[in-house]
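To start, the structure itself, in structure tokens.
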Amino acid sequence: QKEVEQDPGPLSVPEGAIVSLNCTYSNSAFQYFMWYRQYSRKGPELLMYTYSSGNKEDGRFTAQVDKSSKYISLFIRDSQPSDSATYLCAVRRGSTLGRLYFGRGTQLTVWP
Amino acid sequence: DAGITQSPRHKVTETGTPVTLRCHQTENHRYMYWYRQDPGHGLRLIHYSYGVKDTDKGEVSDGYSVSRSKTEDFLLTLESATSSQTSVYFCAIREGLAASYNEQFFGPGTRLTVL
């Protein structure tokens, strides 16, 4: 079983839609949860970071963690064509080595 | 931009030839990582380094070796390239002073094709 499972999509939505991206993870030892955004032919960039269960909001983006069900989500409000990218979830334990375990990524297209 | 450069950005090589990819950082961070990214697999860790001359294997290290003789440079070597090593390779850095917020930042990637 992979440490992190993520539906690869693709997901296609109209501009202005609310987007929901999700991942599940297998090990309750994971304590830190990240979302990376990757544009085509670019490196991943850190989008959101959360430590505990609950919600974290940054502009149009909300990251949600439910540790009891080992479920992490990213919501994008008022989606824009510029949000079209692949979104990668990642988790890690609390060690200083900081090894990340990634989901396969979900490809999102927001059409005008 | 996290001060990470990768070279070369693109490379085409033949099976059996040695290939070295370079990751260079300007931030003096302790931790450096090499990943490969393939369709259907996402990002997978090849090797990582936690200091000069301190390296360890990741989940897909077979066929790869690394070296870190200076803080700013982390080299990934394919001793004898195979077609299965055709991939996009990403380097990442992390400051590594604490287990709390201290996440990885990625370079622009190297697209390697092994014919």
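The values are calculated or read from the model by the stated rules, or taken from the named source; none is laboratory data. This structure is a prediction, so every number in the text was calculated from the model and none was measured. Cβ placement follows ideal geometry from the backbone for every residue including glycine, while neighbour counts extend to all protein chains displayed. Keep in mind that these areas ignore ligands, DNA and RNA; they rest on the heavy atoms of the full protein, side chains included. Shrake-Rupley method; radii C 1.70, N 1.55, O 1.52, S 1.80 Å.
Condition check ((1) part of a loop (DSSP other than H, G, I, E, B); (2) at pLDDT 95 or above; (3) closer than 25 Å to B:I93 by Cα) across all residues:
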position	(1), (2), (3)
A:K2	yes, no, yes
A:G9	yes, no, no
A:G16	yes, yes, no
A:T24	no, yes, no
A:N27	yes, no, yes
A:F30	yes, no, yes
A:F33	no, no, yes
A:R41	yes, no, yes
A:K56	no, no, yes
*asked:* Residues to consider are A:R77, A:R104, A:R99; find the one that is of a type in the set (D, E, K, R), open to solvent by 60 Å² or more (accessible area, probe 1.4 Å) and more than 8 Å from every other protein chain (Cβ to nearest Cβ).
replied: A:R77
*Hits in region A:1-41 - residues which are surrounded by fewer than 14 Cβ atoms within 10 Å (Cβ to Cβ) and within 9 Å of chain B (Cβ to nearest Cβ)*: A:R41
*Within region A:68-99, how many residues turn out to be of a type outside the set (V, I, T), within 30 Å of B:R30 (Cα to Cα) and more than 13 Å from the chain's Cα centre (by Cα)?*
7
*Given (1) of a type in the set (S, T, Y); (2) modelled with pLDDT of 95 or more; (3) part of a loop (DSSP other than H, G, I, E, B), where does B:S100 come up short, assuming only one miss?*
(2)
*Report those strands (runs of 3 or more DSSP E) wholly inside region B:1-60 carrying at least 1 residues which are free of Cβ contacts under 8 Å to residues at least 12 places away in the same chain.*
B:42-51, B:54-57
*Among the residues of region B:1-20, how many are of a type in the set (A, V, I, L, M, F, W, C) and within 14 Å of chain A (Cβ to nearest Cβ)?*
2
_Among residues of region B:49-62, those that are more than 14 Å from every other protein chain (Cβ to nearest Cβ) and either open to solvent by less than 20 Å² (accessible area, probe 1.4 Å) or among the basic types (K, R) (or both), counted_ = 1
_Taking the conditions exactly as written (modelled with pLDDT under 95 and open to solvent by less than 60 Å² (accessible area, probe 1.4 Å)), does B:I46 satisfy them or not?_
no
*Taking A:S52 as meeting all but one of (1) closer than 20 Å to A:E3 by Cα; (2) more than 13 Å from the chain's Cα centre (by Cα); (3) within 10 Å of chain B (Cβ to nearest Cβ), write down the number of the exception.*
(3)
_Filter result for the condition that a residue is open to solvent by less than 50 Å² (accessible area, probe 1.4 Å), touching a strand residue (DSSP E or B) at 6+ places or on another chain (Cβ under 6 Å) and either closer than 23 Å to B:T13 by Cα or modelled with pLDDT under 95 (or both), over B:S65, B:S83_ = B:S65
